[in-house]
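Read-outs: derived from the displayed coordinates by stated rules, not from any lab. The structure presented is a predicted model; accordingly, all values stated were derived computationally and were not measured. Ideal geometry is used to build each Cβ from the backbone, glycine not excepted, and the neighbour counts take in all protein chains shown.
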């Protein structure tokens, strides 16, 4: 039980210490980049021993199986299979390598967008870090957004390199090729507002027949179809999940909606060409996300995998959309909302650690 508890304690320490440093910076205190980089090392430690994630035991079994026979069928990309052979099947060493790469890329990503400060690290820790240490996808997500930044800045060769890296590390990045043209196109947000209800209508109408149609065509196996329905019905399978929904999932989704409205209604010209292009790309991403939700449903990876990615875009735009909130100059309303998210995130991490410990004891 101790490793699971210590994992949660490490996350709580990261969260509150970053909040403290951000508060001190607001009052004129400065800190060296050594301390900033130290937190990236703590992120690596958290990822290596991320007992509170649902994928920890899954990957442990998968790597053990592949270490026995490298030719066993697997959903893991070949580049990670090669890493298994390189580390000799050592699961801890495999995770260490994955998260060193992940958070080196994160440090580079934040430096690239001038977000390498304690405020950004705090918001990253609050909304992204617990999900980022769950598996291999975090490398691909960061690589994809690095590629996006370079494409916005017309550095196409470097952007293409990071996009290929993203595809090699997670195949789900491939459909996002459709979004790349929007890195250099400034979209009128009024058009996006018109597109959202159209996408919703088309998606809902199509979704009424999609899953059953694919099953009848033989493109979805019966056992996968039944598992999907069972998973869809298990969202409120425990009291812990119900509490998580009301204190975390629901408030977070409401905030995403509010952020989206603020994003679309903000003044078109922010006197920053990069931010304008990034905002247009985010608008296109949100349309893509809504369409995925309508077509595939809330519990399908074709939606929730990309929904997790939108947090990175919101993190980059937070200083421009809600500058006071980003800088932690809080009103009573902001403070209450921030307290709710801190409490809910710690609750979810602790609950997940308990579930993982329970599974490991069975």
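Stretching residue 153 away from residue 12 to a fully extended chain increases their span by 47.1 nm, per 0.36 nm per residue minus the current alpha-carbon distance. With the simple model of a label 7 Å out from the Cα in the direction of the Cβ, residue 41 to residue 359 spans 3.1 nm. Potential lengthening of the chain between residue 265 and residue 334 amounts to 22.8 nm, from the contour at 0.36 nm per residue minus the alpha-carbon distance. The residues 92, 183, when put in order of fewest to most other Cβ atoms within 10 Å, stand as 92, 183.
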